[in-house]
Amino acid sequence: MNITCLKENLKENLDNALRIVKYNSTLPILNNFLIATDKGRLKISSTDLEIGFISWVSSKISKEGSITVPAQLLSQFVNNLPNKNINIEVKDKKLYLSCDNIKAFINGLSAEDFPIIPKIKNTFSLNINSKILKEALGSVVNSAALSDARPEISSVYFVIEPDQVKFVSTDSFRLAHKTLFLKSEELKDKIKIDYANSRNIIIPLRTANEILRILGDKNINISIDMDQNQILFNLTDTHLISRLIEGHYPDYEAIIPKSFETICRASRNDLEEAIKLAGCFSSKLNEITLKANGAESRLEVFSNNNEVGNHEAKISSEIKGKDVNITFNWRYFLDGLKNIKSDDIILEFNGDQKPAVIRPVENNDFFYILMPIRNA
């Protein structure tokens with residue numbers, strides 16, 4: 001193999017591929033990249049057997065070939081090269097690199113030793129604009145469980161229907177729910193489904209985070225292809241392939257309140273500022289208290305820590321229904337607020353022991369359910 005490519009193009013693709021690599025002592029080949037020529041371009045592959053990454057780099061190909069080399073070493077070396085053309089050559093199971101007046105070689109292994117990244121037997125496709133996907137995924141991903149003890153909630157749940165796509169995540173303390181209404185004026189030409197039936201899938205949290213990183217600031221149309229066990233995010237020059245989580249997602253609809261005793265409308269910015277300040281005085285439990293005071297048309301935010309002091313803020317609010325005094329984890333509360341773009345928000349309560357709902361005023365495409373910290 002003998003090729004030439006730009007350092008910046010190679011660096012970006014190696015960085016993305018490296019995030020998939022997880023150190024593996026039992027299968028050392030998984031610590032490597034597969035580097036190969038493919039139809040006039042350089043192809044980079046990595047996998048941990050759960051997620052596979054493939055990208056193609058524009059290159060000048062003088063001679064076809066392939067090799068697998070240590071991922072961390074190659075990525076680190078390329079990152080520190082000057083921003084000039086890199087020549088890559090493979091001879092005798094060694095990868096030779098030269099850039100300007102710098103030369104090096106890396107010992108490699110035969111490409112035949114690298115595991116095959118499976119292909120999708122496409123049974124369902126969703127075409128979507130990358131910015132829309134990133135905004136929808138980004139609004140729910142922080143609410144997924146971080147522990148692998150329950151894989152079905154360390155995930156993002158996709159509910160794909162002919163007229164809408166729902167993104168759901170929960171860690172059992174809060175739940176984020178985003179809906180893309182396909183017939184809306186904003187989305188009707190930016191999302192297409194090539195299959196008439198509904199489809200529900202559970203995507204691992206790590207996969208969701210990786211695709212968010214890869215999407216970055218891109219504004220392109222991407223294809224999401226699915227079969228029974230796998231999903232492929234196809235960005236043309238970049239593919240991310242992942243297993244799907246088997247099993248059933250919790251019946252989250254059962255916990256969505258149908259009516260409320262207290263409804264408050266307040267400024268999102270004012271409430272966010274008050275929550276952040278209250279967090280400075282919370283204890284290790286991260287608790288803060290909200291009080292809806294209907295007589296004075298205001299929300300009151302309290303926090304107290306005997307070791308450092310206390311905090312109180314008052315926010316003008318339209319309040320209907322009963323007064324309520326309720327305690328939340330301020331970090332969880334803030335996560336919900338950050339995913340709402342509306343200037344004003346609606347807070348809905350059913351006393352101090354039941355889940356509360358946070359939603360935007362302007363539209364109904366997002367809501368966030370938060371469990372209170374129960375009083376002893």
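Every read-out reported here was derived from the displayed coordinates using simple, explicitly stated rules and does not represent laboratory data. Quantities reported herein were computed from a predicted structural model and do not represent experimental measurements. Here Cβ is always computed from backbone atoms with ideal geometry, including for glycine, and neighbour counts include all displayed protein chains.
Given +1 on the Cβ of Lys and Arg, -1 on the Cβ of Asp and Glu, and no further charges, what dipole in debye does region 17-140 carry about its Cα centre, rounded to the nearest 20? Let's see the in-between values first.
On the way: 16 positive and 10 negative charges, 63 e Å.
My answer is approximately 300 debye.
Largest GNM mean-square fluctuation across Gly279, Gly216, Gly108, computed for the chain with C-alpha springs under 10 Å, falls on Gly216.
Given R₀ = 30 Å, what would the calculated FRET efficiency be for Gln72 paired with Lys39, taking r from the Cβ atoms and rounding to 0.05? Intermediate values should be presented prior to the final figure.
On the way: r = 28 Å, r/R0 = 0.93.
That pair, Gln72 with Lys39, gives E of 0.60.
Based solely on its DSSP helices, what 222 nm [θ] is calculated for the chain when runs of n ≥ 4 H residues each add -39,500 (n - 2.57) and the sum is averaged over all residues, nearest 500 deg cm²/dmol? Present the calculation step by step, with values, prior to reporting the outcome.
Numbers: 6 runs with 62 residues, N = 376.
Mean residue ellipticity, 222 nm, calculated: -5000 deg cm²/dmol.
Placing +1 on the Cβ of every Lys and Arg and -1 on the Cβ of every Asp and Glu, with nothing else charged, gives the chain a dipole about its Cα centre of roughly 900 debye. Under a Gaussian network description of the chain, with springs only between Cα atoms under 10 Å, the residue in Ile102, Ile88, Ile61 that fluctuates furthest is Ile102.
What pairs in Lys11/Lys183; Lys103/Lys218; Lys134/Lys188; Lys94/Lys134; Lys192/Lys354; Lys121/Lys166 have C-alpha atoms more than 29 Å from each other?
On the way: Lys11/Lys183 40 Å; Lys103/Lys218 34 Å; Lys134/Lys188 17 Å; Lys94/Lys134 39 Å; Lys192/Lys354 38 Å; Lys121/Lys166 23 Å.
Result: Lys11/Lys183; Lys103/Lys218; Lys94/Lys134; Lys192/Lys354 exceed 29 Å.
Separation of region 237-265 from region 167-200 is 10 Å, based on Cα centroids. In plain terms, the C-alpha convex hull of region 257-370 casts an average shadow of 6.5 nm² when viewed from every direction. Is the C-alpha gyration tensor of region 124-252 telling us rounded, prolate or oblate? Criteria: a/c under 1.5 is rounded; beyond that, a/b larger than b/c is prolate, otherwise oblate. Verdict is rounded for region 124-252. Comparing Leu81, Ile51, Ile67 along the charge dipole axis of region 2-113, the residue lying farthest to the positive side is Leu81, per the Cβ-charge model.
What does the charge count around Asp100 come to, taking other residues whose C-beta lies under 12 Å from its C-beta (Lys +1, Arg +1, Asp -1, Glu -1)? Mind dumping the intermediate values first?
Numbers: positive: Lys7, Lys84, Lys103; negative: none.
Surrounding charge for Asp100 is +3.
Give me the net charge for the shell around Asp15: Cβ to Cβ below 14 angstrom, other residues only, Lys and Arg +1, Asp and Glu -1. Net of charged neighbours comes to +1. One decimal place: the segment Asp113-Asp163 gains 13.5 nm when fully extended, by the rule 0.36 nm per residue minus the C-alpha distance. Comparing Asn101, Asn329, Asn129 in a Gaussian network model of the chain, where Cα atoms under 10 Å apart are tied by springs, the biggest mean-square fluctuation is seen for Asn101.
Think of the chain as a dipole: +1 on every Lys or Arg Cβ, -1 on every Asp or Glu Cβ, centred on the Cα centre; then among His311, Cys5, Asn234, Cys5 lies furthest on the positive end. Please name whichever of Ala136, Phe366, Ala274 sits farthest to the positive end of the charge dipole of the chain, dipole taken about the Cα centre and charges placed at Cβ: Lys and Arg +1, Asp and Glu -1. Farthest towards the positive end: Ala136.
With the cut-off at under 20 Å, measuring from each backbone N in region 228-262 to a point 7 Å along the Cα-to-Cβ line of Ser58 picks out 235-239.
Shape class of region 251-298 from the alpha-carbon gyration tensor: oblate, with a/c at 1.5 or above and b/c at least as large as a/b. Expressed as a whole percent, the proportion of Cα-Cα pairs in region 2-113 lying more than 21 Å apart is 27%.
Taking R0 as 22 Å, what's the FRET efficiency between Lys341 and Lys320 from their Cβ-Cβ distance, rounded to 0.05? Taking R0 as 22 Å, the efficiency between Lys341 and Lys320 is 0.40. Any idea what log10 I(q)/I(0) is at q = 0.09, 0.13, 0.15 Å⁻¹ for the chain, Debye with uniform C-alpha scatterers and no solvent? Cα-only, vacuum Debye calculation for the chain: -0.65, -1.04, -1.20.
3J(HN,Hα) along region 39-46: 6, x, 9, 8, 10, 10, 10, 8 Hz, from the Karplus curve 6.51 cos²θ - 1.76 cosθ + 1.60 with θ = phi - 60°, whole Hz, x for Gly and Pro.
The H on the amide N of Asn32, modeled in the peptide plane, is under 5 Å from the matching H of Ala71, each at least 5 residues off or on a different chain.
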